[in-house]
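Here's the structure, in structure tokens; my notes come after.
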Amino acid sequence: MKKGRLNAAIISTGLLAALLGFGAVPAAQGSTAQGGTAQRGAAPAAAASGLRVQDRSHDNDNPDNTLYALYQILNSGTDSVPLTSVTMRYWFTNENSADPLVFACDWAQVNCANITSKFVTLSPTRTKANTYLEIGFTAAAGSVAAGQGTGEIQTRVHHVNWSNFTTTDSYSFISDESFTYKDTQTVTLYVNGALVWGTEPS
């Protein structure tokens with residue numbers, strides 16, 4: 001190695017050591033599937049990947065003036081997860097935007113008073129979905145412990161004036177005459193806003 005290159009190498013090595021000593025070398029940015037930088041909360045989401053959603057049918061009518069959705073969240077991971085960090089999305093087609101939507105919680109083991117909800121209109125629309133219902137939890141709902149679940153959460157969506165839905169055009173609607181809880185991929189689950197379970201509509 002030539003003398004000039006050797007001096008440059010020594011200086012570069014010394015500079016790197018100094019920067020490391022002062023913590024000035026930035027960590028590499030993670031990336032998401034969308035190509036951006038990793039969202040805050042992505043690491044807790046990965047740690048909580050043991051969460052999954054099950055649902056069961058309640059009413060298989062089509063059309064119907066009510067979308068019934070009965071859920072339970074199970075934790076097969078090793079860590080307890082606070083429910084305040086968890087949200088679910090039920091994706092559906094709202095065919096009458098002039099008739100306002102209503103969310104109803106009929107019963108929940110974590111108490112309906114501890115469940116939050118909001119409707120989000122999609123633009124652009126997705127396959128069998130132009131709207132989703134996002135369900136969340138207050139601090140009073142507690143946590144879902146490792147190896148445990150939330151218990152049943154019984155919900156409904158309807159219009160103020162009871163307009164019909166074409167249930168077969170709603171992505172998250174299931175028609176299953178067994179009426180038993182099964183893992184679902186069409187109701188999506190998030191921890192701190194990062195998807196940990198299910199498949200969003202395309």
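The values are calculated or read from the model by the stated rules, or taken from the named source; none is laboratory data. Keep in mind that what you see is a predicted model, and the values were worked out from it rather than measured. Note: ideal-geometry Cβ built from the backbone for every residue, glycine included; neighbour counts use all protein chains shown.
Considering the conditions (1) touching a Phe, Trp or Tyr at 6+ places or on another chain (Cβ under 8 Å); (2) within 22 Å of S85 (Cα to Cα), R156 is excluded by exactly one of them, (2). Residues that are of a type in the set (G, A, S) and at pLDDT below 95 were ranked within region 175-197; the one that is farthest from N94 (Cα to Cα) is S178.
Can you pull out every residue in region 171-195 that is closer than 22 Å to T131 by Cβ, among the aliphatic types (A, V, I, L, M) and touching a strand residue (DSSP E or B) at 6+ places or on another chain (Cβ under 7 Å)? Talk me through it step by step, then tell me what you get.
Residues of region 171-195 that are closer than 22 Å to T131 by Cβ, as a first pass: 171-175, 184-190, 193-195.
Remaining after also requiring among the aliphatic types (A, V, I, L, M): 174, 187, 189, 194-195.
Answer for region 171-195, where residues must be closer than 22 Å to T131 by Cβ, among the aliphatic types (A, V, I, L, M) and touching a strand residue (DSSP E or B) at 6+ places or on another chain (Cβ under 7 Å): I174, V187, L189, L195.
Table: residues versus (1) of a type in the set (V, I, T); (2) under 17 Å from L122 (Cα atoms); (3) in contact (Cβ under 8 Å) with a residue 40 or more places away in the chain.
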| position | (1), (2), (3) |
| --- | --- |
| L67 | no, no, yes |
| I73 | yes, no, yes |
| S76 | no, no, yes |
| D79 | no, no, yes |
| V86 | yes, no, yes |
| R89 | no, yes, yes |
| N96 | no, yes, yes |
| F103 | no, no, yes |
| D106 | no, no, yes |
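Can you say whether I153 is closer than 22 Å to N60 by Cα and surrounded by 21 or more Cβ atoms within 10 Å (Cβ to Cβ), as far as the supplied structure shows? Taking the combined requirement at face value, the residue satisfies it.
Of all the listed residues (S117, S143, S172), the sole one being polar (S, T, N, Q), at pLDDT 95 or above and touching a helix residue (DSSP H, G or I) at 6+ places or on another chain (Cβ under 7 Å) is S143. Checking every residue in region 100-108 against the condition of being acidic (D, E), out of contact with any His (no Cβ under 7 Å at 6 or more places or on another chain) and surrounded by 16 or more Cβ atoms within 10 Å (Cβ to Cβ) gives zero matches.
Restricting attention to region 54-105 and to residues that are in a strand (DSSP E or B) and of a type in the set (V, I, T), the residue that is nearest to A146 (Cα to Cα) turns out to be V81. When G23 is tested against (1) surrounded by fewer than 18 Cβ atoms within 10 Å (Cβ to Cβ); (2) at negative phi; (3) modelled with pLDDT under 50, only condition (2) is not met.
For region 151-160, indicate whether the set of residues that are of a type in the set (K, R), closer than 20 Å to S97 by Cα and not in a strand (DSSP E or B) is non-empty. So far as region 151-160 goes, no, none of its residues is of a type in the set (K, R), closer than 20 Å to S97 by Cα and not in a strand (DSSP E or B).
For region 156-184, a tally of residues being out of contact with any Ser or Thr (no Cβ under 9 Å at 6 or more places or on another chain) and surrounded by fewer than 14 Cβ atoms within 10 Å (Cβ to Cβ) returns 4.
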